[in-house]
Amino acid sequence: MTQRYSSPFLLFFALVFAVSARSQTASTERDSVVMRDTLVQSLFTIEHRPLRAGVSASYGWGAYWDPNFPSPPALTGCDQYSLGHGNNFGLRFMADVPLWGDNSGWSFDPTLFIDFSKPQFSWIQSDMSFDTGTRQLVPFSIRHEVSATVGKAGIGAAMDYMPLGMWHVKAGLDLGIMFEQTYETSLHRVEPGALLLDGTRDTTTGSGSLSKRLSMLPALVFGTSYEVPLSKKIQALPGIEASLPFGSIPQNSIWRWGGESFWRAFEWNVNLSVLFDLTPRKETVPVYVKQEVPVVIP
């Protein structure tokens, strides 16, 4: 009995399976796959150039020439000061304002600064002294010196450009008001021996202020630096910089324009700037990109 009823059931299930397989095969034969252009969303991180602010310290050297000292410290027709040298150091508070978008290498750098220069001028005088032992005149030399201190404070502005990688080059203008112009004159014997009868070899002969006028000094500034990241928001910029004061020196004016007031100058220094990011640097935005994706078409 069991064998008689099982044959129709097996036949029924075999028929249903065959119809289903034939239907799926026909459906597959009717479908096709094509590639279509489709906008696909993705997240993109934009790194903006930030507004930055910081501080810069500098130390350098200067060459000075064509002095025009009043009397004192220089005696007209006697002293012959011509060339000098000295050191300078300063402090700047600065900002770095990016210009013309994230892909531009240009920025504007306004500054507030204070700096000091210490030029020194000298000339050699030949003289004679009487040697009581040999009872003869002995030649010797006296070095006349003027040591000055000039303090300036003011504002500056420069255009900064990044031509390659993290390198910066800049050019700008500083406008400083000299709030200190002091001097000290001295005499020094060059050869061994005493300068004065009491055995002194070096002596200070005078000191004071070079001018009581308000003195304004413009200067062209050129420099280069390299940016070194210290953290995500702090960068260090070691560099070198040159300064060239310019202008004339009117003598009968309450305002005095010119190269270091009483002389011409060329100064250069090494500096180290530290800048802090003041604005967010990164932003994640959705971006739609056209891509070819497979699409099943019945």
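The values are calculated or read from the model by the stated rules, or taken from the named source; none is laboratory data. Just so we're clear, the structure is a prediction, and the values are computed from it rather than from any experiment. Because the Cβ atoms are built from the backbone with ideal geometry, glycine has one as well, and the counts that use them run over all protein chains shown.
Within the range 177-204, track down each residue that is small (G, A, S) and in contact (Cβ under 8 Å) with a residue 12 or more places away in the chain. Even if it seems obvious, please write down each step before you answer.
Taking the range 177-204 and keeping what is small (G, A, S), we get 186, 193-194, 199.
Selection gives S186, G193.
Condition check: loosely packed, with under 14 Cβ neighbours inside 10 Å, over 22 Å from N87 (Cβ atoms) and of a type outside the set (S, T, Y). Does L164 satisfy that? Don't jump to the end; show me each part of the working.
On the way: loosely packed, with under 14 Cβ neighbours inside 10 Å: yes; over 22 Å from N87 (Cβ atoms): yes; of a type outside the set (S, T, Y): yes.
Yes; evaluated as a whole, the condition is true for this residue.
Quick check on the range 172-205: of everything there that is aliphatic (A, V, I, L, M) and surrounded by 13 or more Cβ atoms within 10 Å (Cβ to Cβ), which residue is modelled with the lowest pLDDT? Steps first, answer last, please.
Initial filter on the range 172-205 (aliphatic (A, V, I, L, M)): 173, 175, 177-178, 187, 190, 194-197.
Going one step further and asking which of them are surrounded by 13 or more Cβ atoms within 10 Å (Cβ to Cβ), we end up with 173, 175, 177-178, 187, 190, 195.
Working: L173: 96, L175: 93, I177: 90, M178: 88, L187: 92, V190: 85, L195: 78.
If we take residues in the range 172-205 being aliphatic (A, V, I, L, M) and surrounded by 13 or more Cβ atoms within 10 Å (Cβ to Cβ), then L195 is modelled with the lowest pLDDT.
Between a residue in the range 65-86 that is within 15 Å of T149 (Cα to Cα) and any residue that is at pLDDT below 85, which pairs come within a Cβ distance under 7 Å, given they are 6 or more apart or on different chains?
P67/F262; F69/F262
Filter the range 89-129 down to the residues that are among the charged types (D, E, K, R) and assigned to a strand (DSSP E or B), then identify the one that is nearest to M216 (Cα to Cα). I'd like the intermediate steps shown before the answer.
Going through the range 89-129, the residues among the charged types (D, E, K, R) turn out to be 92, 96, 102, 109, 115, 118, 127.
Within this subset, residues satisfying the condition of being assigned to a strand (DSSP E or B) are 92, 96, 109, 115, 118, 127.
Working: R92: 18, D96: 26, D109: 21, D115: 14, K118: 18, D127: 40 Å.
Selected residue: D115.
Output the residues belonging to the range 180-213 that are assigned to a strand (DSSP E or B) and closer than 18 Å to V138 by Cβ.
Passing the criteria: L187, H188, R189.
Return the pairs, sorted by first residue and then second, in which the second residue is outside any strand (DSSP E or B) and of a type in the set (A, V, I, L, M, F, W, C), the first residue lies in the range 233-247 and is surrounded by 14 or more Cβ atoms within 10 Å (Cβ to Cβ) and at pLDDT 95 or above, the beta carbons are less than 6 Å apart, and the residues are 6+ apart or on different chains.
A236/L230
Please enumerate the residues belonging to the range 79-88 that are of a type in the set (G, A, S) and in a loop (DSSP other than H, G, I, E, B).
Start the filter on the range 79-88 by keeping residues that are of a type in the set (G, A, S), which leaves 82, 84, 86.
Answer for the range 79-88, where residues must be of a type in the set (G, A, S) and in a loop (DSSP other than H, G, I, E, B): just S82.
Report the residue count in the range 113-140 for those that are over 30 Å from T204 (Cβ atoms) and exposed (fewer than 14 other Cβ atoms within 10 Å of the Cβ). Explain how you work it out, then say what you get.
Filtering the range 113-140 for residues over 30 Å from T204 (Cβ atoms) gives 113, 134-136.
Now narrow it down to the ones that are exposed (fewer than 14 other Cβ atoms within 10 Å of the Cβ): 134-136.
Residues flagged as over 30 Å from T204 (Cβ atoms) and exposed (fewer than 14 other Cβ atoms within 10 Å of the Cβ) within the range 113-140 amount to 3.
Within the range 120-177, work out how many residues are in contact with a strand residue (DSSP E or B) (Cβ under 8 Å, 6 or more places away or on another chain), of a type outside the set (D, E) and either over 30 Å from R92 (Cα atoms) or not assigned by TED's automatic domain parsing to the domain that holds G223 (or both). Explain how you work it out, then say what you get.
Initially, the range 120-177 is screened for residues in contact with a strand residue (DSSP E or B) (Cβ under 8 Å, 6 or more places away or on another chain), giving 120-131, 136-163, 166-177.
Those still in the list that are of a type outside the set (D, E) too: 120-126, 128-130, 136-144, 146-159, 161-163, 166-173, 175-177.
After this cut, where a residue has to be either over 30 Å from R92 (Cα atoms) or not assigned by TED's automatic domain parsing to the domain that holds G223 (or both) as well, the list is 122-126, 128-130, 136-144.
Number satisfying all stated conditions: 17.
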